[in-house]
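A.B. asks: First the structure, then my questions, so here it is.
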Amino acid sequence: MAGMEDTLQALNDLISQFLCLNRPLWSSSDDADAFLEAVDELTSTIHSLESMSADHILLESFDHLLERCSLRLGEELQHLIDASGFDTNCSYPNTRKSHDDDDDRHTLVAQPVSNFDIIVDALPEGVIFEANRIAKRMVAAGFGDSCAETYASSRLNFIDESIARLGVHAHMAEMFKSASWEELEIQIMCWIPAIRVVFHILIPSERHLCDSIFEGFTSYSDVAFVTACHPFLQLLSFGNFIAAAGKNPECLFRIVDMYDAVRDILPVLDDAFNPEVAALRECLGLSIKAILMALENLVRRDPSESCPLDGGVHPMTRYVMNYLVTACVSRHTLEEVMLLEFGSSDPSGNCPIEPDRPTSSLAIHLAWIVDVLTGNLVSKSKVYSHAPLSCVFLVNNGIYIIKKVNGCELKVLLGEDWIKVIHSKVNQWILEYRRATWGKAIMILEMDKRFCSNVNVITEKLSRFNNFVEAICQVQSRWVLVDKQQGVDFSILVEELVIPAYRDMAEMLKATGSAGESYMRLEDVRSRIQQLFKAMTSQMVEDLPSRTASHPG
């Protein structure tokens, strides 16, 4: 063993020359090569001693020297990576400067990316080659874990800067936990493109870099990769925070956008992050389901007992229907969420999604929400003390619902049978209006056969009818019909009921030979009815839906 002691002394003298240098060894390629050769010789000698069951004390001395070498190799690896980080003066593609109003500092913020089929060369090829040489020695020396940790620690500045350039922050959830939903929406619109860049470009690039540096050492490559990418994964916590914070119906659309963004990264998702992304997808999906249930409960429990004085469309009707119209734009995502039983379904989301049919889960749920709305409107209509106005209110809201359904994908989702049912209800309300209002007019014109030739009775009835029509027009001209065609249809239905009865009464008067100055001409009655419904439709207010409609309450 005397020879081994001499070898130890020689290697210690040689290696100590490098360990004592106060500059990076890799600043000189000759020094780097010589140091690695010495480390290789030291490692080889230790393996030989281990195979010979050499003296434990001597072997411990060799191990101590190897540990010192590994510490220096770790320092050299860190210096190599740190020296090759971001240069704030470099020409970075798709960036703009975000200036601080208080000083001259700026942050380079990445512009939207449309091409995700790229790999970022985060380190120069020469640096990767040298880092690989260091990694091989540290792994061979038994310090692979330390090497992976050193690598990951050295990458943190790059990764933090990458996140900052995307206009987001790894700790967004903590930063905005007290923010309003309007403020959160702004952050969501930053988070969505950022998360796509992170998982489509930055994480695959980091995986490629780790595999290059730790080539042949998969387990250490995985450790280095997962540790280095932890700040990227912290961005997911913002998604979980939004899923928990977004409980109101208005939150649906942004959460759907986030769900879509998470689903879009599934095809390129690294296996190492499957659990975290799957958990976020589940969390967002459950939030979407809860919001749709919240919408149903909002409609069912709407405490408002007030209705428009003119019998127009209730704010709740506008809100719900505009909401559903907008939701239909995302019907494929909503149907997917409805179908998914999180934790047991295909995690890649490859199950067939067919929302455009009345029997789909989404269609059934939306139809139920509209049915709940209709029932709520019937209850609200009882607020009116005037029965005809209740009917006008229900007709207006029913027609509004039908127009909204026919004007978008809701028509396909709810189906022709559903639309026929709501049409039937509207027609029933129209007939109820005609009976409640103009049925009374017909009763005035009803004539006992015993008085068919009595001029006074006939003229008195015609006079009462004329006064009744004027009273109706005076009151109901302040009401509103939301559809011009419906105004025409109303007029025709009323004329079909009133004109024949009025004509008969006028003919009776003529038969008596009276001049009939006390009653309107037949055309005047028809014109008066038409003017009434024209006045009602002229007060119609156009509806201007928006993506983020405000709650009526």
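The values are calculated or read from the model by the stated rules, or taken from the named source; none is laboratory data. As the structure is a prediction and not an experimental result, all values here were calculated from the model. So basically every Cβ, Gly included, is an ideal-geometry build from the backbone, and we count neighbours across all protein chains shown. Surface accessibility is based on the protein's heavy atoms, side chains included, excluding ligands, DNA and RNA. Shrake-Rupley method; radii C 1.70, N 1.55, O 1.52, S 1.80 Å.
A.B. asks: Would you mind calculating the gained length between residue 457 and residue 306 on full extension (0.36 nm times residue separation, minus the Cα-Cα distance), in nm to one decimal? Each step should come with its number before you reach the end.
C.D. replies: Working: separation 151, 0.36 × 151 = 54.36 nm, distance 4.36 nm.
Length difference between fully extended and current span is 50.0 nm.
A.B. asks: Can you pull the one-decimal nm distance between simple spin-label points at residue 289 and residue 31, each 7 Å off the Cα toward Cβ?
C.D. replies: The answer from the label model is 6.2 nm.
A.B. asks: Continuing with this model, one more query. Probe radius 1.4 Å, ligands and nucleic acids ignored: give me the carbon and sulfur share of the accessible area of region 199-239 as a rounded percent. Could the numbers behind the result be given before it?
C.D. replies: Working: 780 of 1340 Å².
Heavy-atom surface of region 199-239 belonging to carbon and sulfur, 1.4 Å probe: 58 percent.
A.B. asks: While we're looking at this one, here's another question. For residue 223, what is the net charge nearby, where nearby means another residue's Cβ is under 10 Å from its Cβ and Lys, Arg count +1, Asp, Glu -1? Don't skip to the end; give the middle numbers.
C.D. replies: Values: positive: none; negative: 145, 149, 222.
Residues close to residue 223 contribute a combined charge of -3.
A.B. asks: Modelling each spin label as a point 7 Å along the Cα-to-Cβ direction, I'd like the residue 403/residue 52 distance in nm, to one decimal.
C.D. replies: Those two pseudo-labels are separated by 9.8 nm.
A.B. asks: Still on this structure, I have one more. With the full set of protein chains in place, find how many percent of the accessible area of region 1-84 is carbon and sulfur; take the probe as 1.4 Å. Could the numbers behind the result be given before it?
C.D. replies: Details: 2220 of 4510 Å².
With neighbouring chains kept in place, the figure for region 1-84 is 49 percent.
A.B. asks: Pop the C-beta distance of residue 382 and residue 484 into the FRET formula with R0 = 30 Å and round what comes out to the nearest 0.05.
C.D. replies: Values: r = 28 Å, r/R0 = 0.93.
Once rounded, the FRET efficiency stands at 0.60.
A.B. asks: Leaving out ligands and nucleic acids, and using a 1.4 Å probe, what accessible area per residue does region 141-300 come to in Å²? Don't skip to the answer; put the middle values down first.
C.D. replies: Values: 6040 Å² over 160 residues.
Dividing the accessible area of region 141-300 by its residue count gives 38 Å².
A.B. asks: Compute the orientation-averaged projected area for region 1-84 from the convex hull of its Cα atoms and round it to one decimal in nm².
C.D. replies: Averaged projected hull area, Cα only: 5.5 nm².
A.B. asks: Does region 417-487 classify as rounded, prolate or oblate by the C-alpha gyration tensor (a ≥ b ≥ c root eigenvalues; a/c under 1.5 gives rounded; else a/b over b/c gives prolate, otherwise oblate)? Please list the in-between numbers first.
C.D. replies: Numbers: a/c = 4.78, a/b = 2.05, b/c = 2.34.
Here region 417-487 falls in the oblate category.
A.B. asks: Here's something else I'd like to know. Ignoring ligands, DNA and RNA, what percent of the accessible area of region 429-513 is carbon or sulfur (1.4 Å)?
C.D. replies: Working: 2290 of 4380 Å².
Looking at region 429-513 in its full context, I get 52 percent from C and S.
A.B. asks: Oh, and also: Using the heavy atoms of the protein chains and a 1.4 angstrom probe, tell me the accessible area per residue for region 1-84 in square angstrom.
C.D. replies: Value returned for region 1-84: 54 Å² of accessible area per residue.
A.B. asks: Calculate the FRET efficiency for residue 274 and residue 431 from the Cβ-Cβ distance with a Förster distance of 51 Å, rounded to the nearest 0.05. Could you put the intermediate results ahead of the total?
C.D. replies: Values: r = 60 Å, r/R0 = 1.18.
FRET efficiency, residue 274 to residue 431: 0.25.
A.B. asks: Taking 24 Å as the cut-off for C-alpha to C-alpha distance, list the pairs among 440/461; 382/534; 380/403; 403/425; 420/440; 247/403 that go past it.
C.D. replies: On the way: 440/461 12 Å; 382/534 26 Å; 380/403 21 Å; 403/425 14 Å; 420/440 30 Å; 247/403 29 Å.
Over 24 Å apart, Cα to Cα: 382/534; 420/440; 247/403.
A.B. asks: Restrict the search to region 237-316; then list the GluC sites (Glu not before Pro) that DSSP places in a loop and that have at most 10 other Cβ atoms within 10 Å of their Cβ. Intermediate values should be presented prior to the final figure.
C.D. replies: Numbers: sites: 250, 276, 282, 296, 305; in loops: 305.
Here the GluC sites (Glu not before Pro) that fit, given the DSSP loop and packing criteria, are 305.
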